[in-house]
Amino acid sequence: MKKTILASLTAALLWTATVFAYPAIQVYVDGQGITFDQPPVIVEDRTLVPMRAIFQALGSEVAWSESDQTITSMKNGDTVKLKIGDSGLYKNGQLKYTMAVPARIMNGRTLVPLRAVAEAFDAQVGWDPQGYVVTVISSQAEAENSNTTTVKADDGTVVLSFRMDIPKSKGSYASQMEKTLNEEAKALGKAYVDTYGKKAKTEYDTAKAKGTSFSPYYYVGSYEITREDSKFVSFYGTSTQYTGELQGQRSCTSHTFSATNGKELALSDIIGDSEKELQGFWMTSFGALIDEKPTNFYSNAKARLEKNLDIVGFYVTKDGLGFYLPPETIAPNESGIISFTIKYDL
């Protein structure tokens, strides 16, 4: 029998709202957003990131020598070395780059220049200065379910790229789940190219003729599996796109499937609360986030919330439920995706 949130909710709400006072630097490696224990920083127009997280995201091993403050990373027989405060980056014993901003230690964390270390392993690096987004495509990007497409200018330059990565479920009905998500990704890719491909080529040609810079358009996204057991397989996806606007535009979506028959589930298939009860719960919960940090939200956030309760999304977690609102619903784009999770026995 389905339970109700209101009847079984203990008091615990695990707030996980993503709110930034300024544009946070986002890093995607092969479509996967990277989480850092120390936020990336910009020093003299160079992006520096914690060493261990970025090397691991690139699929390389990394070692730190405290005695001489040297970083050594190895992948597929190649060895990359750099030293704190030293401008040289060495690959297989040969000087590969002379870095304008060397690796350094900040807040007890070792930070390395992102572009230099990524390109040392033959990865491609893109930077969106408006949205503060770094995209890294490794030389061996072979996601199990990766939907990609590009648009090139007449001279062969890539002016637009689309990528959506989907993890493989281990469940018995994985094929149906993957089919649903892949069909969605293909439709998104086609719509993105149809809408912005011609515009990107035109703007590139104009910039080339004027001798000015052009930032390629991109859409990069990925799903994560938030729960996978004998009851549910739930996917939560986020993406960022740049189309020449002032900010990188973020979006989110989710899908939850029954692990027994592969059917995609609505929230009403999982819990027994009425629509009115749920809307009251969302007004209270999202309202608490607004009250906690009102300056991070629109001045009329609660009125906007009340008008958009029909677009609240959900996903299932290992110990409860997550609810979210798309960016710009109740807060500016730079505030990201506003969400919270609750502990709930399903």
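Rolling a 1.4 Å probe over the heavy atoms of the protein chains gives region 245-304 an accessible area of 52 Å² per residue. Of the Cα atoms belonging to region 207-346, the radius of gyration and Dmax stand at 17.9, 61 Å. Of the listed residues E275, E184, the order by accessible area with a 1.4 Å probe, largest first, is E275, E184.
Residues S146, S175, S67 ordered from highest to lowest accessible area at a 1.4 Å probe: S67, S175, S146. Within the assembled protein chains, the solvent-accessible surface assigned to V29 is about 10 Å², based on a 1.4 Å probe. Relative contact order for region 26-185: 18 percent, from Cα pairs under 8 Å spaced at least 6 residues apart, divided by residue count. Calculate I(q)/I(0) for the chain by the Debye formula, one identical point scatterer on each C-alpha and no solvent, and give its log10 at q = 0.06, 0.08 Å⁻¹ to two decimals. Log10 of I(q)/I(0), two decimals: -0.26, -0.46. Working from label points 7 Å from Cα in the Cα-to-Cβ sense, the D45 to N182 distance is 4.3 nm.
Scanning residues 5 or more positions from K152 or on other chains, those with amide H under 5 Å from its amide H are V159, with H placed 1.01 Å from N in the peptide plane. Given their separation in residues at 0.36 nm each and the Cα-Cα distance between them, T150 and D86 gain 19.3 nm when the chain is fully extended. Against the chain, whose longest principal axis is taken from its Cα atoms, helix 275-292 shows a tilt of about 40°.
Note on I137: accessible area is roughly 60 Å² with a 1.4 Å probe, heavy atoms of protein only. The calculated FRET efficiency for the pair S285 and E119, based on their C-beta separation and a Förster distance of 56 Å, comes to about 0.80. Taking the inverse of the mean 1/r over every pair of distinct Cα atoms in region 61-209 gives a Kirkwood hydrodynamic radius of 18.6 Å. For the chain, the longest principal axis of the Cα atoms and the long axis of helix 174-210 meet at an angle of about 50 degrees.
Given region 149-273 reduced to its alpha-carbon atoms as identical point scatterers, what log10 I(q)/I(0) does the Debye formula return at q = 0.20 Å⁻¹? Values returned for q = 0.20 Å⁻¹ are -1.04.
Using a cut-off of 23 Å between Cα atoms, the listed pairs K190/K210; K186/K263; K170/K263; K179/K231; K263/K302; K152/K190 include K190/K210; K263/K302 as exceeding that distance. According to the square roots a ≥ b ≥ c of the eigenvalues of the Cα gyration tensor, what is the shape class of region 287-346, taking rounded for a/c under 1.5, prolate for a/b larger than b/c otherwise, and oblate for the remainder? Taking the square roots of the gyration eigenvalues as a ≥ b ≥ c, region 287-346 is prolate. Only Cα pairs under 8 Å and 6+ residues apart enter the sum, and on that basis the relative contact order of the chain stands at 18 percent. When K91, K231 are compared by accessible area at a 1.4 angstrom probe, the order from most to least is K231, K91.
Surface composition of region 29-119: carbon plus sulfur atoms hold 44% of the accessible area, using a 1.4 angstrom probe and ignoring ligands, DNA and RNA.
Rolled with a 1.4 Å probe across the full set of protein chains, the surface gives T295 an accessible area near 130 Å².
Charge dipole of the chain (Cα centre as origin; +1 on each Lys and Arg Cβ, -1 on each Asp and Glu Cβ, all else neutral): 160 debye, rounded to the nearest 20.
The values are calculated or read from the model by the stated rules, or taken from the named source; none is laboratory data. Computed from a predicted model, the values in this text were never measured in an experiment. Methodologically, a virtual Cβ is constructed for each residue, glycine included, from the backbone with ideal geometry; neighbour enumeration extends over all protein chains shown. Please note that ligands, DNA and RNA were not included when accessible areas were found on the heavy atoms of the full protein model with its side chains. Shrake-Rupley method; radii C 1.70, N 1.55, O 1.52, S 1.80 Å.
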